[in-house]
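Participant: Take this structure, written in structure tokens, and hold onto it; I'll ask about it next.
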Amino acid sequence: MTQTMISVAEAKSLIRSYVGRLKPVNVLLGDALGCCLAQDVISPLSMPGFAQSAMDGYAFSWDGYKAFGALEIAGEVAAGASESGPRRSSNQAVRIFTGAPVPEGFDTVVMQEKVKVEGGWLYVEDAALVQGRNVRLVGSEIAEGALAMQVGTVITPAAIGFLASLGLTHVMVIPRPRIALIVTGDELQTPGEALSFGQVYESNSQLLQSALQWLRFSQVEIHYAKDDLASLTQTLAAALSVADMVLLTGGVSVGDYDFVPKAAAAAGVEAIFHKIKQKPGKPLFFGMKHGVADAKSDVGTTNQTVVFGLPGNPASVLTCFYQYVTVALEQLTGTPVAPVACRAQIQSGYTKPIGLTHFLKADLQLPKDEQAPIAVFVMGAQESFRLSSFAVSNVIIEIPAETTTVEKGDWVMVYPIG
């Protein structure tokens, strides 16, 4: 582990280099939403498997229509019909409905609003009609044996619908990780219980669980540990045996009761870094536990568990979550998770010492005029223990370590938050 503070960029680079992707698992199609496809999907069939009408109307042979003009209506074909019926003559047409099979020998469908029917005869009144119009050809969506979806694709609702239309019920994906939250701090009290002097209500567990759920990470277990090295080590070791990621809050600095680094070492976690040149969230711990596949080999695993020791102050917790934990989640799942930065014009000046990157809670407002720049406003209450301003923020501003002064109207990098 590096003994010196590292930069924000170095920390993110180390996370990306150490955290591997979870092993693929075969899941029900409905459980694959948001996951990364782990292997190519080859279509088991042609779709559609038969020439199909694209709308309600009348089907006929284009050459017959050109030869005879008026066509005799010789029955109808509904969607779901097991067959399109006997082959019709070229001077005939059939009433047809959307999704129904087009009879053999017929190649064109005219919509029902552009015909005249008199005495069982069809008269087409569509000057723009061309041969083949409104007929979905066999394999026009996809041919049997063709690549239906490429490995690395993120499964969206539309992707699930498409794969279901191919008759698939399961798909191989990179799973969502199982995450353990360990909350430390003897001063913490459960919300709803009476506070004794010196106590504060514990909020980090709900804060992190909600942030994870917002990003579709639902396999989350919460544990509590006392400010005691043996207790914390035991709780951490148990979590490491079943989780793909462990997030600890509190006890990560260098005080007498900050036991996270020592407990991590005792549990066999390799420490990668401990401090970052940033404010808030400087004492951030990141480590890896290797060779913990035995208890979780039935599901996706990289034979490793990612460990973050987050600060105890809520604003620091959330800042570190969006800046670093999301990077690790992105590595584990192969899906976009980390907030995508954009640029906006800051609406007030800001000064700071050189050396630390500052992350500021802020409100980004889209302009009413499309030609105007995006504006971002720094919130009050920037202290790391204050969550009230975070509760109404929608972005985090990054002020680089080497920058000391930002003037009103300067362009800054901002990260969206949930």
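Participant: For the range 169-238, what is the largest minus smallest coordinate of the Cα atoms on each principal axis, given in angstrom and ordered from greatest to least?
Facilitator: If we take the Cα atoms of the range 169-238, the spans are 56, 28, 14 Å.
Participant: Compute the distance in nm between two label points, each set 7 Å from the Cα along the Cα-to-Cβ direction, one at Gln347 and one at Ala375.
Facilitator: According to this spin-label approximation, the distance is 0.4 nm.
Participant: While we're on this one: Would you mind telling me the share, in percent, of accessible area of the chain contributed by carbon and sulfur at probe 1.4 angstrom? Walk me through the numbers before you get to the answer.
Facilitator: Values: 10320 of 19810 Å².
Carbon with sulfur: 52 percent of the solvent-accessible area.
Participant: Give me the net charge for the shell around His358: Cβ to Cβ below 12 angstrom, other residues only, Lys and Arg +1, Asp and Glu -1.
Facilitator: Net charge in that neighbourhood comes out at +3.
Participant: Around Leu232, what is the net charge, scoring Lys/Arg as +1 and Asp/Glu as -1 over all other residues with Cβ under 9 Å from its Cβ?
Facilitator: 0
Participant: Trp411 versus Ser203, label points 7 Å from Cα toward the beta carbon: distance in nm?
Facilitator: 3.5 nm
Participant: For a quick check, take a GNM of the chain with Cα springs below 10 Å and name the residue from Thr233, Thr169, Thr357 with the largest mean-square fluctuation.
Facilitator: Sorting by GNM fluctuation, first place goes to Thr169.
Participant: A follow-up question, please. What distance in nm separates the two pseudo spin-label positions at Val138 and Gln150, each 7 Å out from Cα along the beta-carbon direction?
Facilitator: Between Val138 and Gln150, the label points sit 2.9 nm apart.
Participant: Right, here's the next one. For an R0 of 45 angstrom, estimate the FRET efficiency from the Cβ-Cβ distance between Val117 and Asp31 and round to the nearest 0.05. Working shown, then result.
Facilitator: Details: r = 50 Å, r/R0 = 1.10.
Given R0 = 45 Å and the Cβ-Cβ separation, E is 0.35.
Participant: List the pairs from Lys368/Lys408; Lys262/Lys289; Lys226/Lys277; Lys262/Lys352 whose alpha-carbon separation is above 24 Å, in the order I gave them.
Facilitator: Violating the 24 Å Cα-Cα cut-off are Lys226/Lys277; Lys262/Lys352.
Participant: Kirkwood Rh and Cα-based Rg: tell me the resulting Rg over Rh for the range 164-205, rounded to two decimals.
Facilitator: 1.45
Participant: Please report how far the C-alpha centroid of the range 65-135 lies from that of the range 217-256, rounded to the nearest whole angstrom.
Facilitator: 70 Å
Participant: Springs between alpha-carbon pairs under 10 angstrom, Gaussian network model over the chain: which of Ala127, Ala211, Ala391 fluctuates most?
Facilitator: Of Ala127, Ala211, Ala391, the most mobile in the Gaussian network model is Ala127.
Participant: Please list, in chain and number order, the residues 5+ apart from Ala93 or on another chain whose amide H is under 5 Å from its amide H, with Hs placed from the backbone.
Facilitator: The answer is Glu72, Ile73, Ala74.
Participant: May I pose another question? With a 10 Å radius around each residue's Cβ, average the other Cβ atoms per peptide and rank 89-99, 324-334, highest first.
Facilitator: Answer by packing, highest mean first, reads 324-334, 89-99.
Participant: If each Cα of the range 300-351 is one equal point scatterer, what is log10 of I(q)/I(0) from the Debye formula at q = 0.23, 0.29, 0.32 Å⁻¹?
Facilitator: Here log10 of I(q) over I(0) equals -0.98, -1.10, -1.16.
Participant: Apply 1/(1 + (r/R0)^6) to the Cβ-Cβ distance of Leu195 and Ser388, taking R0 = 25 Å, and write down the FRET efficiency to the nearest 0.05.
Facilitator: 0.85
Participant: Would you grab the residues whose amide H sits under 5 Å from the one on His170? Only those 5+ places off in sequence or on another chain, please, with H modelled 1.01 Å from N.
Facilitator: Leu29
Participant: Compute the Rg to Rh ratio over the chain from the alpha carbon atoms, using the Kirkwood formula for Rh, and round to two decimal places. Present the calculation step by step, with values, prior to reporting the outcome.
Facilitator: On the way: Rg = 30.7 Å, Rh = 25.8 Å.
That ratio equals 1.19.
Participant: Just add up the charged neighbours of Phe390: K/R +1, D/E -1, any other residue whose Cβ is under 13 Å from the Cβ of Phe390.
Facilitator: 0
Participant: Another question, if that's okay. By the gyration tensor of its Cα atoms, with a ≥ b ≥ c the square roots of the eigenvalues, what is the shape of the range 335-418: rounded for a/c under 1.5, prolate for a/b over b/c, or oblate?
Facilitator: On the way: a/c = 1.38, a/b = 1.13, b/c = 1.22.
Rounded.
Participant: Accessible area per residue for the chain in Å², computed with a 1.4 Å probe and the full protein assembly in place, what is it?
Facilitator: Per-residue accessible area for the chain comes out at 47 Å².
Participant: How long are the three semi-axes of the equivalent ellipsoid of the range 259-418, in whole Å, if each is the root of 5 times an eigenvalue of the C-alpha gyration tensor, listed from largest down?
Facilitator: Whole-Å semi-axes of the equivalent ellipsoid: 34, 19, 13.
The values are calculated or read from the model by the stated rules, or taken from the named source; none is laboratory data. The structure presented is a predicted model; accordingly, all values stated were derived computationally and were not measured. Positions of Cβ are generated from backbone atoms using ideal geometry, with glycine treated the same way; all protein chains shown enter the neighbour counts. Side chains included, ligands, DNA and RNA excluded: accessible areas come from the protein's heavy atoms. Shrake-Rupley method; radii C 1.70, N 1.55, O 1.52, S 1.80 Å.
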